[in-house]
Every structure is written in structure tokens, then in C-alpha cells.
């Protein structure tokens, strides 16, 4: 009798194991699995967005840096800088800066830089430049940087800087002070859509060949206008 009872119970246990999971158990397991997948997917998506934003910021900063290097190289040899001019035409707003300097061979050359923006299209701003010799015809505007979001003049002429030619000695008279023009150049560059990445770059460039801190009383580079 005892043996029969034991065999019966053993068979029931085996049948219970062979029956597998119940429906509620399967539903619970599937729910947990779906939740885990959702959490992992959200983490991966966030990582990709952060990586994309980082790349956008790096790209915007690189564009700004390249534009600044070109601007600095040209303006550092300038002997006179015109006051920035705002030129509006319909929905387009331009800020133009002109200066007279030297080309790579040391020849006098006029250069103009401008920021072109369109109302309602903040991410479509373009930084452009052109140049000409004497009374010659200006080259076509070439684009240096894109994605600019400035809403104000990127070219600012602050107070002059003092550049003593030598360190004074205790017995000598103070050295003459040379005043130069300088331009503070600010660019806001926006790349990407969502999330948007913005790189802000600002630097001050000194025109080392200028002999006065004041803006010239007569504009130096107006032969081709400002448009």
C-alpha cells in the first residue's frame, strides 16, 4: 500500500513538471521582458542622441574655428578698418565689415566680410567674404561658415588697446604708446535639429598695421559698395 502511494505521488510530480508554465506565469514573464526591452531601448536611444549632439557641437566649433583663422590672418595685417555697416533688404539682414590690408605678396587689398541672415530662418545664416584690388571689380562672395544664428552684428569695434614698443627703464621717459584698431568677432553656430547643438566662439583680433585706434574718417573700402 505504501509503495503504491509512493509511485502515485511520484507520477503526479512528473506529470506536473511535464505540464510546463501556466498562462499567468507566461504573461508575467513576457511583461517583465517587455519592460526590460523598453528600458534598454530608451538608454540606447539617449546615448545615440547625446553622441549626435556632441558630434554636432564639434562640427559647429570646427566651422567657427576655421572661419576665425581666416579672418584673423587677413585682419591682423590691416592698416585701416571701416565701421561695421548694417544692410537690410526685405527679410534679409546683412552686417558688413570692410578693411584695407595686404595680400600674401604684400600688395594692398580691400576685403569685406559679411553675415547674411534671413528673418524666420535663424539657422540659415551664412558668413561670407570677398576682396578686390584698388578700383578693380570685387570677387564673388564666397561662403566661409554656415548655420550662423547671430541676431546682432558679429563685428564689434571696442576701445583701443595700448601697445608699448618697449619696456621702460627707471631713468628713461615712458615709451610712445601705439594705438591700434581691433575687432571682436562673435559667431553663434547651430547644427542639428533635435536636440540642437550650439557652439559660441568669440575672439578679438588686432590690426597691427593700423596707426590709430579710431575708425578712419573716410571709408577705405567702398569702391564696390556693401551688397
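What follows is calculated from the coordinates using simple rules that are stated; it is not laboratory data. In this text, all values refer to a predicted model and were calculated from it rather than measured experimentally. All Cβ positions, even for glycine, are placed from backbone atoms using ideal geometry, and neighbour counts span all protein chains on display.
Multiply the residue separation of residue 209 and residue 22 by 0.36 nm, subtract the distance between their alpha-carbon atoms, and state the gained length in nm to one decimal. Could the numbers behind the result be given before it?
Values: separation 187, 0.36 × 187 = 67.32 nm, distance 8.78 nm.
Stretched fully, the residue 209-residue 22 segment lengthens by 58.5 nm.
Which FRET efficiency, nearest 0.05, do residue 66 and residue 32 yield, Cβ-Cβ r, R0 45 Å? List each step's numbers first, then the result.
On the way: r = 52 Å, r/R0 = 1.15.
Calculated value: 0.30.
Quick check on the exposure proxy: order 185, 33, 99 from fewest to most C-beta atoms within 10 angstrom.
On the way: 185 21, 33 10, 99 25.
By the 10 Å Cβ count, ascending, the order reads 33, 185, 99.
Averaging the sequence gap over all C-alpha pairs within less than 8 Å and six or more residues apart, then dividing by the number of residues, gives the stretch 36-135 a relative contact order of 16 percent.
The simple Förster model, with R0 at 35 Å and r as the Cβ-Cβ distance, assigns residue 76 and residue 140 a FRET efficiency of 0.90.
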